[in-house]
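One structure is given below, encoded as structure tokens.
The values are calculated or read from the model by the stated rules, or taken from the named source; none is laboratory data. As the structure is a prediction and not an experimental result, all values here were calculated from the model. Cβ sites come from the backbone with ideal geometry, for glycine too, and all protein chains shown count toward neighbours. In case anyone asks, the SASA skips ligands and DNA or RNA and just uses the protein heavy atoms, side chains included. Shrake-Rupley method; radii C 1.70, N 1.55, O 1.52, S 1.80 Å.
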Amino acid sequence: NAHLPAYKGSLLRGAYGHALRRTVCIMPPRQLCEQCMLRTQCAYPRLFETFVENEPPPFMRGLNTAPRPYVFEPFEMQQSFRAGDRFQFDLLIFGQSIERFPYLIYAVSQMAENGLGRNRYPFVLEKAWWEAQARAEKEWLLLYDGTAQQIVDSPVPGQLAATSSLDSEAEQVFQLAFLTPTRLKFNNQLTTNFTFRMLVFKMIRRVLELAHFHVPGANIDWEFHDLLVQADRVEIRENRLEWIDWQRHSNRQKTSMKMGGFVGDLILKGKLAPFEHVLRMCEVLHIGKGTVFGNGKFDLLVDRIGEKGGISPAGR
């Protein structure tokens, strides 16, 4: 039997990092990654603790670490588990890190044996699936069979279309539904009070920085001022965001850390077409601080018939 926290992303990320390092690192335990002569070739910093090796992109000067190419998405808030219960979560992998998926599968199987939480509750990696895109539909295919301890398929990275399905001249009423705690800092302050332009700026940075570090050969354009000017014309009609606090235990700092973020809805009105692509990408990538824990997950819901019909998930 096990008792796990409601927000399990931090728990999974920490256990995964320890297991991955033990799996791939050939150096002594006290060797710091930032001082290791093998760090540019090692799977651990590439997958878990990415460093800025060369000239950083705009907005990242002075920083020595880059956005991580993964996100944990636990499925439920359940805390009490009986022996034999199933516990499911998603692990999203971006860019060239997808090529190293066997390391990730093995690391998850090792973190299962080592156990989760301070009490080290063990589990067994029974199966892993990957999400395949077949035309407009998606299906889940078996990737790893835990009984045989074998990888049984090779995943194909998903792609997001760069075109909008919306009329570029029409206005829409749309909703951003923030599903997990979202931490956005403006002027070095966490807040729920921001404009659509400020939000879009954070999203564009998230997409471009991930592409810069994890998608070799990506055609990246850092000149996006015109898009921000268009964002000024999108009105936040209702701000239904509320702040919630939660705690996570840091093994590195040996202490509990108070975290917080907002959940809830933003109702907006304006021309959505110029922003649909970056919004759809950030539905997958998440937004804000702590994305690796699963923070900053949102859904974009669109009312295609205007204000009369209201917004519902059917409009996605």
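Some notes on this structure:
- Over 21 Å between alpha carbons, listed pairs 202/297; 185/271; 8/127; 202/271; 138/271; 258/297: 185/271; 138/271
- At 1.306 mPa s and 10 °C, Stokes diffusion of the chain via Kirkwood alpha-carbon radius, µm² per second: 75
- Cα-based radius of gyration of segment 138-203 once divided by 2.2 N^0.38 Å, which approximates compact folds: 1.84
- Cα centroid separation, segment 84-134 to segment 58-78 (Å): 17
- With Cα atoms, 0 to 90° folded angle of helix 9-24 axis to the chain main axis: 50
- Carbon/sulfur fraction of accessible area - the chain, other protein chains in place, 1.4 Å, %: 48
- Given charges at Cβ of Lys, Arg, Asp, Glu: the chain dipole, positive-most of 192, 48, 59: 48
- Anisotropy class of segment 98-165 from Cα gyration tensor, a/c 1.5 cut: prolate
- With Cα atoms, 0 to 90° folded angle of helix 276-285 axis to the chain main axis: 20
- Computed from Cα positions, the angle between helix 196-214 and the longest principal axis of the chain comes to roughly 40 degrees.
- Here segment 1-67 yields Rg over Rh of 1.07, to two decimals, using C-alpha coordinates and the Kirkwood radius.
- Cβ-placed point charges (K, R +1; D, E -1), dipole of the chain about Cα centre in debye, nearest 20: 1300
- Dipole of segment 79-223, positive direction: furthest Cα of 212, 154, 133, with charges on the beta-carbon: 212
- A DSSP coil position with no more than 10 other Cβ atoms inside 10 Å describes the following GluC sites (Glu not before Pro) in segment 90-185: 169.
- Descending principal axes extents, segment 14-156, alpha-carbon based, whole Å: 46, 44, 30
- Residue-by-residue Karplus 3J(HN,Hα) for segment 71-84, coefficients 6.51, -1.76, 1.60, Hz, glycine and proline x: 9, 8, 10, x, 7, 9, 9, 4, 10, 9, 10, 8, 4, x
- Amide H contacts of residue 127: 146, each under 5 Å away and 5 or more positions distant or on a separate chain (H built 1.01 Å from N in the peptide plane; Pro and chain starts excluded).
- Solvent-accessible heavy-atom area per residue, rounded to whole Å², over the chain at 1.4 Å: 57
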